[in-house]
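To keep things clear, I will list the structure first and then write my remarks on it.
Taken together, the values in this text are just the output of simple stated rules run on the coordinates, not laboratory data. Just so it is clear, the model here is predicted, and its values are computed rather than measured. Using ideal geometry, Cβ is built from the backbone for each residue, glycine included, and neighbour counts are taken over all protein chains shown.
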Amino acid sequence: MILSASPRRWLFVLTILVGSFLLFQVQPMVARMVLPKLGGAPAVWNSAMLVYQALLLGGYAYAHWLGRFAVRRQAIIHVALFLVAALWLPIGIAQITAPGPGQEALWVPLLLLASIGPVFFVVSAQAPLMQRWFAADTRAGDPYYLYAASNLGSFAGLISYPALVEPALPLAMQSWGWTAGYAVLVLLVAACGAARWTGAADAPEGGVATNDEPRPTWRRQLHWLLIAAVPSGLMLSTTTHLTTDIVAMPLLWVLPLGLYLLSFVIAFSTANRLTQVITLLAPVVLLAVGGLGLMSTGGTSMIIALASLAMLFVVATALHGYLYHLRPAPQHLTLFYLIMSAGGVVGGLFAALLAPLLFDWVYEHPLLILAAGLLLPLPALLPWDKWLNLDRRRAFLVVVLLVAVAILISQRMVSDWTGALDGSVATWGIVLFVIGILVIGWRWAYVGVLALLMFGLGGANTVNESFSGARVRSYFGVYTISDHPALNQRRLAHGTTLHGLQRTDAAHRRDPTTYYGRQSGVGLTLDKAEALAGPKASIGIVGLGAGTLACYRKPGQRWTIFEIDPVMIEIARDPEKFTFLSDCAGNSPIVVGDARLQIAKLPPAQFDVLVIDAFSSDAIPLHLLTKEAIGIYSRAMKPDGVLLIHISNRFFDLEPVLAAEGKARGWSTAIRMDPGPIGDELADLTGSNWVALTATPERMRQLTGGIRPRRDAAADGAWVPLEERAGFVRWTDDYASTLPVLIWKHIIGGRDE
């Protein structure tokens, strides 16, 4: 509620909005800057989020410490710190040594701290500090609603970056624009300090009017910490869960964070009725969607993805609303925010660092769902015990009976589970969901039924895979190996994307499969490598997978393979798992590390054919498709070499990117659009799109035998022209936007391949 008598209320609201907007503009901006160094694995984003949360905690701790001084001294110290942090402007990436293999989890935080640590630290402190200064005037009223303004600014900053800033401005201009915003923020903070310069300087607790509320107990502070930790961890686990087992597209990295911020806006605003309604519905939503939290198969649907995002928003709003309900008097405001920020770091540490080390799957997600069930307010949605006039003892016996029935149903669901949510499993799941609603008033029973629902809806299968040794997790993703005896196949999946497939019958185990069949662009090219470059052709492969391409290698050829994930190398080299490498290219060197950085270290003119196949599920390796990246490949290739890039993707049309690049360089380009399997006999093949680029027209003619019209795209062995897009701007390290190449109908429809 806005009090007109409060002096300069608009100034404090504006300052908090601007500061929070800048804070969450810099996050995706820096993430974009570090792409050439880090790539785009979901774990990189989670590590970055952990750094931001740690810096936020540091900023809140600084604001809490600063509260011991009078407002005048606070203002002097804070503005001085703003000026010192300005030495790190304009925003750029620190020049530190690249990480060794397996060191990414520690190197990413170090790089971000060195690049934006001081600036992020001082800007993050201004939100709680401005609220404290605001409350220094006795006429100001409750300062907590300003936290809603803070998160509204954060939400606007985060969402506007991919929608408005990134498509319109190169990184250099973004950095200078952010610097200008920083200067405006310094002036606003100074103005806020001047607004409280007199009249409150000598008040206790840094000028905040007190009501003599005692310091919150350690138990109460621990409660704040846990309530704050669960939504933070759930936000990161939802990100990992979506990009691992539902739809792996980078746009989904931003959405969970945006909804997490939006939950604060509602919970800390004056919209009490809306918060109450969401809190009432939260246990139902947690049952309906959280029950799917242990399912690792059969969940590749955009509907489930959207439901997961809705659950995050509802649960976060309910928990943050509960946190707001437990807030202390304004004199303990900075302590409250400090504990809340610490909770965010605890949740982030668990989801971003500990979970990948402890678990072989995203088990942090169902664990945090259960933790939410333990902490949520649980108002009885259907108070049947009161309707039936049952005393507490009889009602308890009914609940025990319902839980016993739930156990039997869950066991039946496990026995009926076939890998998808259908048939009797879905029916029994609905019954279990109803039981969960009936026991909402009993927390132990509610959480127990939620766990049973998870276990019945594919959870038992997920847990069994962990004990079978068929799954492994690394910093770059979750890999699952599965056997299909009826098809004579062994498959390697990275999230929802087929990463490799080998025939298990001896006669066909060397056959190239999936995206790499004989009629694919890479198959046609590697089969012609000897004709193009002689018997000693030099081949570079970026992206190992199961090692399928290795069986195109012919005696005398020199192959070099680049792979960023040591875990993937272990899988491909283990003949107990896949034999492509051991059968066909066991002595080929494998270079561990980011391919762009490793290829840049090589002497020039190394490769006759260079194959780029580095997608992490459907996440675009944007840093491998820019002008600078193609320049690195060009230097590593022989003058008449062929660059081959795999662009099959469910959510992005990358033809315009490479068409613009080829045109800018004056290179010949073509695309082979392999339609994939036609009948059951080709079930081990997958449709694929491969783009060939070469600086020599004659080499392109030798490769393609003549480029055919676009209407012949599906013909056997046909290479067709790339489709150009008028006005498409060439991607560079400084400017690239994925919005123009999004395939919106696939995003809305949740297409799977």
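Odds and ends about this structure:
- Relative intensity of segment 564-719 on a log10 scale, I(q)/I(0) at q = 0.08, 0.12, 0.16 Å⁻¹, equals -0.27, -0.61, -1.09, per a Debye sum over C-alpha point scatterers of equal strength in the absence of solvent.
- Three-way shape call for the chain based on the alpha-carbon gyration tensor, with the a/c threshold at 1.5: oblate
- Net length gained if the chain between LEU358 and LEU306 were fully extended (0.36 nm per residue, minus Cα distance): 16.0 nm
- Cα gyration tensor category, rounded, prolate or oblate, for segment 487-749 with a/c compared to 1.5: rounded
- Angle between the chain longest axis and helix 104-135 axis [Cα atoms, degrees, rounded to 10]: 30 degrees
- Relative contact order [Cα under 8 Å, 6+ residues apart], the chain, whole percent: 13 percent
- Proportion of all alpha-carbon pairs of segment 500-580 beyond 17 Å (%): 48 percent
- Cα long-axis angle, helix 218-245 against the chain (0 to 90 degrees, to the nearest 10): 20 degrees
- Residues GLU570, GLU563, GLU655, GLU576, sorted so that the one with the fewest Cβ neighbours within 10 Å comes first: GLU576, GLU570, GLU655, GLU563
- With respect to the chain, whose longest principal axis is taken over its alpha-carbon atoms, helix 627-636 is tilted by about 40°.
- Violating pairs (Cα-Cα greater than 24 angstrom) within the set LYS601/LYS638; LYS528/LYS638; LYS536/LYS627: LYS536/LYS627
- With the highest mean first, a sort of the peptides 459-465, 213-219, 591-597 on other beta-carbon atoms found within 10 angstrom per residue produces 591-597, 459-465, 213-219.
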